[in-house]
1. For ASP97 and SER161, compute 0.36 nm times the residue count separating them, minus their Cα-Cα distance, and round to one decimal in nm.
2. Quick one: P(r) of the range 63-152 from all Cα-Cα pairs, 10 Å bins, percents rounded to integers, in order of increasing distance.
3. To the nearest whole percent, what portion of all C-alpha pairs in the chain is separated by more than 32 angstrom?
4. Rounded to the nearest whole Å², what accessible area per residue is found for the chain with the 1.4 Å probe?
5. In what sequence, largest accessible area first, do MET1, MET446, MET245 appear using a 1.4 Å probe?
6. Relative to a virtual label point 7 Å from the Cα of MET1 in the Cα→beta-carbon direction, which members of the range 342-382 show backbone nitrogen distances below 14 Å?
7. For the residue pair GLN178 and ALA140, what label-to-label distance in nm results when each label sits 7 Å from Cα along the Cα-to-beta-carbon direction?
8. What is the calculated FRET efficiency for ALA252 to HIS38, with r their C-beta to C-beta distance and R₀ = 30 Å, to the nearest 0.05?
Amino acid sequence: MPLRLYDTLTRSKRAFVPINPERVTMYVCGPTVYNYAHVGNARPVVVFDTLFRLLRRIYGEGEVLYAANVTDVDDRINQKAIDEGVPIEVITARYLDAYHADMSELGALKPTFEPRATATMDAIVAMIGRLVRNNAAYVAEGHVLFNTQAYADYGKLSGRSLDDMIAGARVEVAPYKQHPADFVLWKPSKPGEPQWPSPFGPGRPGWHIECSAMIEQNLGLPIDIHGGGNDLIFPHHENEMAQGMCADHASAYANYWLHNGFLNFGAEKMSKSLGNVVLVHDLVTRVKGEAIRWALLSAHYRQPLAWTEEVLDQATKALDKLYGALRRAADVEAIQVGPSAAFLEALEDDLNTPRAFAELHALAGQLETATGADKGAIKGELVASAHLIGFLEADPEAWFQGAADPALKARIQGLVDERIAARNAKDWASADRLRAELTALNVEVMDNATGATWRIREKA
Ligand SMILES: [Zn+2]
């Protein structure tokens, strides 16, 4: 079955046909690096990483170009730099490093390109210049603004008309705007803020133009897929498309617009611990990255996802089950058969991860009951399917060992060592008492000639 994707622009699920199957292009709006990433920001990262992996499987690893930008000039970055009394580069380097580490914990592959706004200034200024020359932008009071009336299709992506936008405009309209919907391409910097030279005066770019210029520079127009959270449809993606189309007189900007739904924190009462931990940076200290990834993909990407402690618990239990099946089949040689057909079919149906997860569970169930040569083939299918989207990459034994937090792990090791000493001293009463204590902690102890090893039992 060919890959089908839901496209926001045409509001339909369509067969995916890349412009050039040897050069498939995808762009996803990336982070503004002024703080640690919120778990809500991790959802598009994990969703589009899953799509990136699937595209690489279909078209080949070298054939898929994925660009995700880093916004490293922004009011919030400037404010933080002022608060700390450091240059903006100190702030952006700190949070970009943390972002890379956190997203890698979630199993996200590095995009092919990760352009930064500050390193794309020439392309941004050049694109604004073309927009002005094409009469799609105008200069007013040190600002350059996009002229929304110059682009007949403005509002097409989000399904809004210019009249709706005037009626809906709640903010006071800046006097230099010809139309309330016109938006900033370039603006003068305030004293003390970073600025770059341009033919329109020194200043800095608006946010929307950054993405259009990066797409043009890294991938070229039109691209196959543009992704992001559904909060970006308007105004960000609407504006991106208007800029790209008018700067280059392009026939299309992106052939498939994909948008993921929100994480929902309000629907259910959250436990205090979860409510306090919404930064990925904090969450990975107590929940395995793979379990967070599973939780983020447990609902279909277009649906809202209620982010609760229970969703994280269920994710850990689901992975315990799969790793448990692999652990029980440790001596079975996996046959290299590739991912299962039903698993691929689920992903190719607009990235239906809940159905793909159900297929992983079905394979694990089959692995438990199969016999003979079938067992090796099923194990191979399970592992290849899970690997494709970033799961079951740990050693099963290590997975269950790692389930303990460091303090608990140290306590268990202490009890195990004490019990070995008791056994060596033939103090059977103490050895039995220590074993009972370990059992209460859900720890299984395996005695051997040199001492003992232990592991945590999987959750029922
Ligand atoms: Zn963007």
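The values are calculated or read from the model by the stated rules, or taken from the named source; none is laboratory data. These numbers were taken from a predicted model, which means no experiment stands behind them. Don't worry about glycine lacking a Cβ; one is built from the backbone with ideal geometry, like all the others, and counts go over all protein chains shown. What goes into the accessible areas is simple: the full protein's heavy atoms, side chains included, and nothing from ligands, DNA or RNA. Shrake-Rupley method; radii C 1.70, N 1.55, O 1.52, S 1.80 Å.
1. Values: separation 64, 0.36 × 64 = 23.04 nm, distance 4.09 nm.
The span from ASP97 to SER161 would gain 19.0 nm if fully extended.
2. 13, 30, 31, 21, 5
3. Above the 32 Å cut-off, the chain has 49 percent of its Cα pairs.
4. Value returned for the chain: 45 Å² of accessible area per residue.
5. MET1, MET446, MET245
6. Only 342-359 pass the distance filter.
7. Computed distance between label sites GLN178 and ALA140 equals 0.8 nm.
8. Efficiency at R0 = 30 Å is approximately 0.40.
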